[in-house]
């Protein structure tokens, strides 16, 4: 059995190396977009990596300072994107020409050397060595579980730049026998629950929020633009309406990709093997204020998370949404009056928290109850929270208790991520 995990690691980059990485990112993105442009020519789109290699490699090498293997990685990134578009077309869905703008570079072992505490990366001007910023050794983190585990090997990575900080998303792989680890034989799972909504597009059981304000702002803005053109009724106005639709779809897809990436990162950072969503059927009827645009967004988000999770060895499931917003994740008491807008306050045990956060935990718990194993009937591992886990009976276990130390079984305050991701 092959197990894959992605571990984000912050890099300690000085100003000179940062400048080299920025130049490398710029040329990598140019190379990937150049290959997409070439693949997009003509009525039939080129999806063959071998053909794109033959037709674009020499030109990209001549016009960039990229390492030969980075050129190939840019080609692969472009080919995969075009293949994805063609697959969407075959399913009768609209998909436009891919364009890469997110500051990333794909590395493999041919253009990067991965060490325990640092990495050697190819750039547009030779190689640089960059030190990892790692957490304390005595903490239970994805770094200790996968990077410091001899069973896992690093197979590649993707370089990211977020708000001026550099991160390397290390891809690790382990081949385990059928009798190890325990999870492989007993079905033990750690679950990340995800609640979808209007005010908060997505909320995880670990307490990360993606606000719906930006989505609603642009949805209203594009509706106004279409309405103004519809009043004209001319051919030019019709063309402008189509243009607005393409811009709207492109903006929202980019937004949803960012949220999907964030959910995958949240699952990877917390060692989750499953991401659980509520069933999408009838979601517009269940959510007050939801529009057709929200339904479309939820379906696309689930789709993006599903295909992004597969390379990371993470399963994505849907569960029955009944009463997830009314049920207390602490004691299990279910009542319509437990929830008042965004506030959840259990009438029985007094537990209070953000209503969407409570619902996200219930989504994860619903998956555990549906899949629980063992003679005791309890959950094998639990729903991952901001700290610790919940089992299928709603019992909280803190990180200290997981490690055999004494500690207060108190849930940590939730965190928030505002905006689109």
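The values are calculated or read from the model by the stated rules, or taken from the named source; none is laboratory data. All values reported here derive from a predicted model rather than from experimental measurement. Methodologically, a virtual Cβ is constructed for each residue, glycine included, from the backbone with ideal geometry; neighbour enumeration extends over all protein chains shown.
Give the residue that is modelled with the lowest pLDDT, with candidates limited to residues of region 177-199 that are under 30 Å from residue 109 (Cβ atoms) and part of a strand (DSSP E or B).
Once the filter is applied, the top-ranked residue is 190.
Looking at region 76-101, which of the residues that are in a loop (DSSP other than H, G, I, E, B), free of Cβ contacts under 8 Å to residues at least 12 places away in the same chain and on the phi < 0 side of the Ramachandran plot is surrounded by the fewest Cβ atoms within 10 Å (Cβ to Cβ)? Walk me through it before giving the result.
We begin by selecting, within region 76-101, every residue in a loop (DSSP other than H, G, I, E, B); these are 91-101.
Next cut, free of Cβ contacts under 8 Å to residues at least 12 places away in the same chain only: 91-93, 95.
This time we only want the ones that are on the phi < 0 side of the Ramachandran plot, so: 91, 93, 95.
Values: 91: 7, 93: 11, 95: 16.
Only one residue fits best here, namely 91.
Taking residue 212, is it on the phi > 0 side of the Ramachandran plot, surrounded by 18 or more Cβ atoms within 10 Å (Cβ to Cβ) and at pLDDT 65 or above?
Numbers: on the phi > 0 side of the Ramachandran plot: no; surrounded by 18 or more Cβ atoms within 10 Å (Cβ to Cβ): yes; at pLDDT 65 or above: yes.
Judged against the criteria, residue 212 is not a match.
From (1) in a strand (DSSP E or B); (2) touching a helix residue (DSSP H, G or I) at 6+ places or on another chain (Cβ under 8 Å), pick out the condition that doesn't hold for residue 353.
The single condition residue 353 does not satisfy is (2).
So, residue 289, is that one modelled with pLDDT of 90 or more, assigned to a loop (DSSP other than H, G, I, E, B) and more than 20 Å from residue 382 (Cβ to Cβ) or not?
Working: modelled with pLDDT of 90 or more: no; assigned to a loop (DSSP other than H, G, I, E, B): yes; more than 20 Å from residue 382 (Cβ to Cβ): yes.
In short, no.
Which is within 24 Å of residue 109 (Cβ to Cβ) and surrounded by 17 or more Cβ atoms within 10 Å (Cβ to Cβ), of 47, 64? Quick ask: steps written out before the conclusion?
Working: 47 fails: within 24 Å of residue 109 (Cβ to Cβ).
It is 64.
Check region 256-275 and report whether any residue there is farther than 30 Å from residue 147 by Cβ, at pLDDT 75 or above and surrounded by fewer than 17 Cβ atoms within 10 Å (Cβ to Cβ).
Checked region 256-275: no residue is farther than 30 Å from residue 147 by Cβ, at pLDDT 75 or above and surrounded by fewer than 17 Cβ atoms within 10 Å (Cβ to Cβ).
Within region 102-137, how many residues turn out to be at negative phi and not in a loop (DSSP other than H, G, I, E, B)?
Initially, region 102-137 is screened for residues at negative phi, giving 102-125, 127-137.
Then keep just the ones that are not in a loop (DSSP other than H, G, I, E, B); that gives 104-108, 112-114, 118-124, 127-133.
Final tally of qualifying residues: 22.
Return the residue satisfying two criteria in turn: it lies in region 138-154 and is touching a strand residue (DSSP E or B) at 6+ places or on another chain (Cβ under 7 Å) and surrounded by fewer than 19 Cβ atoms within 10 Å (Cβ to Cβ), and of such residues it is modelled with the lowest pLDDT.
It comes out as 151.
Only one of 174, 157, 202 is in a strand (DSSP E or B), at pLDDT below 80 and surrounded by 18 or more Cβ atoms within 10 Å (Cβ to Cβ); which? Step through it out loud before you land on a result.
Details: 157 fails: at pLDDT below 80; 202 fails: at pLDDT below 80.
Step by step, each of 174, 157, 202 is checked, and only 174 is in a strand (DSSP E or B), at pLDDT below 80 and surrounded by 18 or more Cβ atoms within 10 Å (Cβ to Cβ).
Looking at region 370-397, which of its residues are at pLDDT 70 or above and surrounded by fewer than 17 Cβ atoms within 10 Å (Cβ to Cβ)?
Residue satisfying the conditions is 370 alone.
Can you name the residue in region 24-44 that is more than 14 Å from residue 74 (Cβ to Cβ) and out of contact with any helix residue (DSSP H, G or I) (no Cβ under 9 Å at 6 or more places or on another chain) and, of all such residues, is surrounded by the fewest Cβ atoms within 10 Å (Cβ to Cβ)?
Within region 24-44, the first condition is being more than 14 Å from residue 74 (Cβ to Cβ), and the residues that meet it are 40-44.
Narrowing further to those that are out of contact with any helix residue (DSSP H, G or I) (no Cβ under 9 Å at 6 or more places or on another chain): 41-44.
Working: 41: 10, 42: 7, 43: 4, 44: 8.
Applying the filter and picking the extreme gives 43.
I'm trying to understand the selection: among the residues of region 7-23, which are touching a helix residue (DSSP H, G or I) at 6+ places or on another chain (Cβ under 8 Å) and closer than 11 Å to residue 131 by Cα?
Selection gives 9, 13.
Only residues that are crowded, with 17+ Cβ neighbours inside 10 Å and closer than 17 Å to residue 253 by Cβ: list them for region 281-294, please.
The answer is 293, 294.
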